[in-house]
Every structure is written in structure tokens, then in C-alpha cells.
1. Between the DSSP loop rule and a limit of at most 10 other Cβ atoms within 10 Å, which GluC sites (Glu not before Pro) in the range 42-77 are left?
2. Here is the link list: K65/K141; K78/K141; K58/K135; K58/K78; K116/K144; K59/K138. Which ones come out longer than 22 Å on Cα distance?
3. What's the exposure ranking of K59, K116, going from fewest to most Cβ atoms within 10 Å?
4. Between N147 and N67, what is the spin-label point distance in nm, taking each point 7 Å from the Cα along the Cα→C-beta axis?
5. For A119 and K58, FRET efficiency with R0 = 35 Å and r from the beta-carbon atoms, rounded to 0.05?
Amino acid sequence: MNTLARRNENRGLDPWRDFFDMDFLGSRFPTTGNLMPAINLSENENSYCVDLVAPGYKKEDFKLKVNDDVLTISAETKNERTEGDDGRGNDRREYSRREYTSSSFTRSFRLPDNAKDDAIAAKYHDGILEINIPKSEKDVKASKEINIE
């Protein structure tokens with residue numbers, strides 16, 4: 001532990017590193033990284049269910065496609081915040097500081113042979129995208145974009 005403390009004390013002044021490491025006005029700067037939303041998979045006798053945990057998105061941010069027995073889930077969102085903005089579009093200051101955030105992801109899954117590709121349904125609520133994939137005795141293939149309720 002002493003080695004760690006000494007290493008931090010002797011690191012010298014680096015204004016850019018210190019600027020991006022500090023907690024600025026109570027919020028950290030967003031970091032870039034490979035952040036994938038968690039997936040929960042379940043199955044019953046009639047269908048497969050995929051629950052994707054993605055809070056902060058709107059259903060319009062998602063795109064679901066099935067093509068060649070591959071289900072692709074993608075989403076993209078962009079936000080812009082201006083300092084002094086009270087959320088109602090009323091700026092209280094003559095100057096601004098803008099912070100842009102953007103996040104996106106894409107996940108793909110190979111569907112089982114007994115998945116009924118043409119009857120996949122999805123809905124998004126409370127930060128969870130629920131995808132229901134019915135089972136079929138016949139091999140049913142489709143290529144389409146799936147609407148989210």
C-alpha cells in the first residue's frame with residue numbers, strides 16, 4: 001500500500017490527466033469502453049425469451065433485425081447537455097459548457113433451428129427490452145426488421 005501511495009505522490013503535475021480524472025460538478029466524465037448490456041436468456045415449451053437490460057434508452061433507439069437465422073440487436077443514443085440549462089430549454093447564463101455523450105452497441109445471436117423467425121415480437125419497458133421468439137416444429141426463416149412495442 002505504501003508503494004501505491006508513493007507512486008501517486010510522485011506522479012507529477014499532469015493537467016490533462018487531472019482534469020479528466022476529477023469529479024467535475026458531481027458527475028464523472030463518460031469513459032469510452034466496450035460496454036455491452038446484460039442479456040438474460042430463458043426458454044419454455046413454446047418460446048425463447050431474450051431480456052436485454054438497457055436503461056436510459058428509448059424504444060426508438062433500438063433496431064432489431066433477423067436475417068439468415070441471426071437476430072441482431074443494436075441501439076444508439078446521443079445526448080447533449082448545456083451548463084445552465086434547467087431542462088426546459090431556459091439558459092440562465094450567457095456562456096455555456098456543452099457535454100456530449102453517445103453510446104451504441106450491437107449484439108447478434110444465432111437462432112436455434114426451431115425458432116419461428118417470422119413471428120418474433122419485442123417490447124421495451126422499464127429499461128428492459130423483452131424479445132419473444134416462438135418455437136416451431138417446421139424450420140421457418142425470415143428476413144425482416146422487428147417492431148418494438
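What follows draws every value from the coordinates through simple rules; no lab data is involved. Quantities reported herein were computed from a predicted structural model and do not represent experimental measurements. Cβ placement follows ideal geometry from the backbone for every residue including glycine, while neighbour counts extend to all protein chains displayed.
1. Working: sites: E43, E45, E60, E76; in loops: E45.
Those satisfying the criteria are E45.
2. Details: K65/K141 12 Å; K78/K141 34 Å; K58/K135 28 Å; K58/K78 11 Å; K116/K144 12 Å; K59/K138 31 Å.
Exceeds cut-off: K78/K141; K58/K135; K59/K138.
3. On the way: K59 14, K116 19.
Neighbour counts put them in this order, fewest first: K59, K116.
4. 2.1 nm
5. Numbers: r = 25 Å, r/R0 = 0.71.
Working from the Cβ atoms, E equals 0.90.
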